[in-house]
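Beneath this line is the structure, given in structure tokens, with notes to follow.
The values are calculated or read from the model by the stated rules, or taken from the named source; none is laboratory data. This one's a predicted model, so the numbers in the text were calculated from it and none came from an experiment. No Cβ is skipped: glycine too gets one built from the backbone with ideal geometry, and neighbour counts run over all protein chains shown.
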Amino acid sequence: MALFGPTELSADVLEEGLCVGCGACIHLCPYFATHRGKTAMLFPCSAETGRCHAYCPKTEVDLDAISRAFSGAGYTGDPIGSFRAIYAARAQKTDPAGNFQDGGTVSALMRFALESGVIDAAVLTGQQAGIPVPGIATRPEAVDSFASSKYTAAPTLSAVNDGVRQGFTRMGVVGTPCHMTALAQMRLNPTKREDYIHPVALSIGLFCTWALDARRFAALAADRAGKSDIRKIRIPPPPAGIVVIETDAGSVEVPIAKIRALVLAGCSICPDMTAEWADVSVGALEGVDGWNTLIVRTETGEDLVREAVDAGRIVTEVLPESTLAQLEGAAAAKKARALEKAHRDGRLNTTPDENRRSVLRVNADALENILSGKGKAT
């Protein structure tokens, strides 16, 4: 992958409005900071290359290189990526009750990973007044306080970088596709540090179509719901056309058109809906309350899910074929939209003489596969 530094990161991502606030550049050095969902470069930095640029999910993301490191094969553009198994899943009902989203599978898996020693810390995202706040949990019972989807951009990976400084070496991370892409970039050790040890032992990805500007969403939520604490955000299936904000004082419905106006520009060129570079990926099971779709992608994920089932922490069932087909269709459509937009904007597979650095690099066969709609799940 092409390596650049903080000047290029600021010019290509921050100034172009493509930042998704993932936090990958935070706590690596004193130059970048995040506040209330906004990432900023505080001081000029003259470094020609840097981890800040190398880890960012909006700079020179070579999907072929990531795929070869992840699965040993090149990137094909399959709608939901490579996987070993896919299930309908939920937390065992005997588990502690929490403010879970859908089936509570993510919280149950992360809690079990801490209990069983698979990880030494869990990097999760909570919220304060509608603003996402990352945190590190080291006790299983602390996981539940982070439960529920946020739908806003979150600097979750800043807690990974902070966790490295605290001495954690086997962290578990829950995040969206942009977080998982940044973790995949980290795993490649792009700056070729001889002392580098990847600090993440488990990654749980969340399905995501888009993320909202945290500041603007917090302002909208405060306008609609007052100063009540947000407990959960739900998007009912079509044709509802609303977003439900559940607060301590009750529920507030907001037309989804108003919400879409808050979607980050960087989301429009993200080709990943199902967090393809995670050990396991989890999303809502459409049309079935209280259940999740669970995609198992790696040996680490396979071992965790099997052991969690054997321990009675989660329940899995066969995923209906119609549900899988619907998921593949939605994921394929997102890939095509994203790559078409990246191409129109001059951010796909650029060459040095074009005087613009790429956001994404995709091999010709995969690009044809995606844009022609021929993608098939593997």
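Can you name the residue in the range 30-40 that is touching a Pro at 6+ places or on another chain (Cβ under 8 Å) and assigned to a loop (DSSP other than H, G, I, E, B) and, of all such residues, is surrounded by the fewest Cβ atoms within 10 Å (Cβ to Cβ)?
In the first step, residues of the range 30-40 are kept if they are touching a Pro at 6+ places or on another chain (Cβ under 8 Å); the result is 31-32, 34, 37, 39.
With the extra rule that they be assigned to a loop (DSSP other than H, G, I, E, B), the set shrinks to 31, 37.
Numbers: TYR31: 19, GLY37: 23.
Restricting to residues being touching a Pro at 6+ places or on another chain (Cβ under 8 Å) and assigned to a loop (DSSP other than H, G, I, E, B), the top hit is TYR31.
Note down all Cβ pairs under 6 Å where the first residue falls in the range 41-63 and is within 16 Å of CYS19 (Cβ to Cβ) and in a strand (DSSP E or B), the second is small (Gly, Ala, Ser) and modelled with pLDDT of 95 or more, and they're at least six residues apart or on different chains.
Between residues of the range 41-63 that are within 16 Å of CYS19 (Cβ to Cβ) and in a strand (DSSP E or B) and residues that are small (Gly, Ala, Ser) and modelled with pLDDT of 95 or more, the close pairs are MET41/SER10.
Please determine, by comparing only the residues of the range 118-160 that are in a helix (DSSP H, G or I) and surrounded by 23 or more Cβ atoms within 10 Å (Cβ to Cβ), which one is modelled with the lowest pLDDT. Even if it seems obvious, please write down each step before you answer.
First, the residues of the range 118-160 that are in a helix (DSSP H, G or I): 140-146, 157-160.
Filter once more, so that each one left must be surrounded by 23 or more Cβ atoms within 10 Å (Cβ to Cβ): 143, 146, 157-160.
Details: VAL143: 95, PHE146: 91, LEU157: 98, SER158: 98, ALA159: 98, VAL160: 98.
Here the residue is PHE146.
Condition check ((1) out of contact with any Phe, Trp or Tyr (no Cβ under 7 Å at 6 or more places or on another chain); (2) more than 22 Å from VAL173 (Cβ to Cβ)) across all residues:
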residue: CYS22; (1), (2): yes, no
residue: CYS25; (1), (2): no, no
residue: THR34; (1), (2): yes, no
residue: LEU42; (1), (2): no, yes
residue: ASP62; (1), (2): yes, no
residue: PHE70; (1), (2): no, no
residue: ARG84; (1), (2): yes, no
residue: TYR87; (1), (2): yes, no
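Anything in the range 287-319 that is part of a loop (DSSP other than H, G, I, E, B) and loosely packed, with under 14 Cβ neighbours inside 10 Å? List them, or say none.
GLY287, ASP289, GLY290, ALA311, GLY312
Of the residues that make up the range 86-106, is at least one closer than 26 Å to VAL13 by Cα, of a type in the set (Phe, Trp, Tyr) and either surrounded by fewer than 16 Cβ atoms within 10 Å (Cβ to Cβ) or modelled with pLDDT of 95 or more (or both)?
no
Read through the list (1) of a type in the set (Ser, Thr, Tyr); (2) modelled with pLDDT under 90; (3) under 25 Å from LEU183 (Cα atoms), then give the number of the only condition that THR247 fails.
Going through the list (1) of a type in the set (Ser, Thr, Tyr); (2) modelled with pLDDT under 90; (3) under 25 Å from LEU183 (Cα atoms), THR247 breaks only (3).
Here is a list of conditions, (1) closer than 30 Å to GLU141 by Cα; (2) out of contact with any strand residue (DSSP E or B) (no Cβ under 6 Å at 6 or more places or on another chain); (3) surrounded by fewer than 16 Cβ atoms within 10 Å (Cβ to Cβ), and MET273 meets all of them except one; can you say which number that is?
The failed condition is (3).
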